[in-house]
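A.B. asks: After the structure tokens below, expect a handful of questions from me.
Read-outs: derived from the displayed coordinates by stated rules, not from any lab. None of the values given here were measured: they were computed from a predicted structure. Don't worry about glycine lacking a Cβ; one is built from the backbone with ideal geometry, like all the others, and counts go over all protein chains shown.
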Amino acid sequence: MSHVADTGYKKKYKEDIKKKYKLIKDMNSHFGDNMILNRRYTNLTIVDRPRQAKEREHEIMAVGWRHAEIMTERASSAITLATLYKPDKDGQTPQVVVLLGAAGIGKTMTARKIMYDWAAGELYKEKFDYVFYINCREMNLLNEQGSVADMIFKSWLNTNAPVNHILVNPEKLLFIIDGFDELRFSFGQPKDNLCTDPWQKKPMEIILSSLFRRTVVPESYLMITTRPAALEKLGQFLECSRYAEILGFSEAEREKYFHKFFGNERQAREALQFVKANEILFTMCFIPFICWIICTVLKQQLEKGENLTQTSKTVTGVYMLYLSSLVKPLSNNMKQHLHGNLRGLCSLAADGIWKQKILFEEEEIKKFGLDQENSLPLFLNENIFQKETDCECLYSFIHLSFQEFFAALLYILEEDETTTDSGIPRKDVKTLLENYGNSNNYLMLTVRFLFGLLNEERMKDLQEKFGCKCSPQIKADLLKWVQANQQTDLTLPCVHEGIYQSHQLELFHCVYEMYEEDFAVNALDHFTELKLNQNKFTQMDQRALSFCVKHCRSLESLCMCDCTFSLEDHEEELPRRQKWLYQKNCQNKPKHSPIYLLCQALKDPNCKLKKLENPRRGLDRQKFSFSSLLISCRFCDCHLTAAYCEDLSSLLGTKQTLVDLCLAGNSLGESGVKLLCEGLKHVNCKLQKLRLEWCRLSAVSCGFLSSALSTSQTLAELNLWGTKLGDSGVRLLCEGLRHPNCKLLGSCSLTAACCGDLSAILSTSQTLTVLALEDNKLGDSGVQLLCEGLKHPNCKLQILQLSGCHFTAACCGDLASALSTNQTLTELILGEKTMDNSGVKQLCEGLKHPNCKLQKLG
């Protein structure tokens, strides 16, 4: 054949291959609805360095940002597709490359990408004249005999393939054999049965065996993709030059995939933020197929205009979608085989969970009947590790969370009479739940999956797609367990910086995982008190909390003291108080504050919130709280800033049962107070007490508060202790304090200059009964001005606190005069060492007066 003709054939073949592999089809796409490969394909992390058992354990067990770090570390030493056929460190060029990867990790997509890039002249341009793709699933369906030449013919879109010329240079050929683990052939033929002639027709089993065992076109190159569990079978008849493993997406690659999938910057950011908030889902996005499932589900929601925070796709739901997709393409015979082995797989998983074991030896595989053909490839990985002078083969699930999923599945399966006892407390759910509280978290995800699998939709899927019958009694057992734990205030260690996670919050995660309203209402109906102190609430925590608070119809007290609310979990390097600022300055600005979901739940008509309160913590710091029939609800010292106040303001304008709000110890600032005051002025706001101690307010804030005080018909108590208002701030407040239902409390950096205004308030307000001015530099002149107000006949004050106000005996005559005149004052707190003997004598004169009503002097 002439050079011109040869070039023409190559050009035509490459054009055909480019056309064939340019487009990909999503599993759920309509007929003719295809996607351009390069617009979706995202690079994967591929390694060829053997890993030690400990490294593999860390990969399997890690979740969230720790897993992302491991993947980033692996990516730093990754190889590329372009280097797969480059000489190794010994100068040897590999002729056979086995590309390993778990189910859904991207092996087929990678094979298609190689085909397209080669045809586009971007990969192996000088190395291979022709590259042929062989789909093992299709090979299973071929009953007639064929040859290697037939495979080449099949790859051409026309019948004029120059096969003779192509075979002249076999060293310039690459055969990509995709999906070896799916082949249903034995490959145990004697060598005499194999073919050596590429034109010789034989059953397809023998043709493929001949390629693998290098008896036909032995000079050609091979690339074989397979799941790790089929490695042993492949190694029996193939000498491999290089093994490379696809680990999946690194953190950066996941983000690129999201942006490519959505093709819309705003949607991609919103979806990515949603997934990052759930560390299990974000971890499992290292598997491209799970990434595709999640993106598909979220895109459908966004296009319908739905809120992603309200998605019903819990972790269990996503895992079910993934596993169902793996089972769907199997033949009926293989599905029946899977159903028969599922209990053994679940038993292996549960045995490992109880023993805290994630790498299994072949003896354990045999123990549970998983050593039969076709038992392993779908859900288990095979790992070959070097051990001294030999190698050992250990098995694992693709990730610990899948092992926990199958372990949970064991507990809901109906008893099988043929099942032999494996020594696992597999059917005793009570034993599982009893150990859960003392398990140091190793049973946590298993129990969550247990709840998730008992969702009605999940159980229906298990029946239809996996042939699993679920025991109906288990759901009733879980209901009793949640109800029995209602009074428990047990805490479990949390993974975040030594902060403790409440046992009740973990129960809420379990109820959320089931995601059934009726179950949630019944399970949580008897909860009257919830304490979630010292927690770092991730977005996932907030979703679970808001879902359950919404269904807690009898909740009387919700206490959330010294907590933080995160929008994203990866800002670990930022101080807690800077996280919102980080988000605010970030391009990906959130639409809502971190407490938005909780406020939405508290607005629910079934929530009877009365009090948001924070008790004092120590001498100079406060805690903050929140609640539902919620009588007491606390957000003390929760690092809330102005950004949170919009949601709180909306709550004030909606929740007519809320009468007590405590935001002590939170840096609300002027903008935050302004937003709060908008809620206070709303016609539906019925708030009676507002506590803003240590909220870093200024005099400017007093203008907003004054406006709210003059508008609100219900606000009766305002606590500003520890706030540096100054004299000008108090003057502004006094304009609003003339309203008859107001009380002023607190140390606010006041001086004598503001006491004239306060005195005027005392002489006009008919409802002001408590005035706490401790630790303010009022001096003698300030106290004297206050006494003028106390002597006014309209003054109704009952309690006056003046400790630490820097006065002397010089004003004691005025105080004595006020005591002998005022008809309502029953308690006066002056503090220690405030006056000499002469001052005490003057006070005693006032106390002796028959009109003095004082009962307590301190």
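A.B. asks: Based on the Cβ-Cβ distance from Lys89 to Glu363, what FRET efficiency comes out when R0 is 45 Å, to the nearest 0.05? Display every interim value, and only then the final one.
C.D. replies: Numbers: r = 36 Å, r/R0 = 0.79.
The value I calculate is 0.80.
A.B. asks: Could you work out how much longer the chain between Met61 and Asn307 gets when fully extended? Use 0.36 nm per residue separation minus the Cα distance between them, nm to one decimal.
C.D. replies: Fully extending the segment from Met61 to Asn307 adds 85.4 nm.
A.B. asks: Where the centre of each part is set by its Cα atoms, how far does region 234-278 sit from region 751-781, in angstrom?
C.D. replies: Here the two parts' Cα centres lie 66 Å apart.
A.B. asks: Here is a follow-up. Subtracting the Cα-Cα distance from 0.36 nm times the residue separation, let me have the gained length for Asn135 to Thr80 in nm, one decimal. Please list the in-between numbers first.
C.D. replies: Numbers: separation 55, 0.36 × 55 = 19.80 nm, distance 2.26 nm.
Full-extension gain reported as 17.5 nm.
A.B. asks: With N residues in region 93-213, what two-decimal value do you get for its Cα radius of gyration over 2.2 N^0.38 Å? Before the final figure, lay out each step's value.
C.D. replies: Details: Rg = 14.6 Å, N = 121, 2.2 N^0.38 = 13.6 Å.
My calculation over the Cα atoms of region 93-213 gives 1.08.
A.B. asks: Go through 246-253, 17-24 and give me the packing order, highest mean Cβ count within 10 Å leading.
C.D. replies: Working: 246-253: 22.2, 17-24: 16.6.
Listed from highest to lowest mean packing, they are 246-253, 17-24.
A.B. asks: What's the FRET efficiency of Asp428 with Lys480 using the Cβ-Cβ distance as r and R₀ = 22 Å, to the nearest 0.05? Write down the numbers at each step before the final one.
C.D. replies: On the way: r = 14 Å, r/R0 = 0.66.
That pair, Asp428 with Lys480, gives E of 0.95.
A.B. asks: Given a Förster radius of 35 Å and the C-beta distance between Gln300 and Glu122 as r, what FRET efficiency does 1/(1 + (r/R0)^6) yield to the nearest 0.05?
C.D. replies: Details: r = 34 Å, r/R0 = 0.96.
After rounding, the FRET efficiency stands at 0.55.
A.B. asks: Turning to a different aspect of this structure: Under the 0.36 nm per residue contour assumption, what length would be gained going from the current alpha-carbon distance of Asp197 and Lys256 to full extension?
C.D. replies: Details: separation 59, 0.36 × 59 = 21.24 nm, distance 4.63 nm.
The span from Asp197 to Lys256 would gain 16.6 nm if fully extended.
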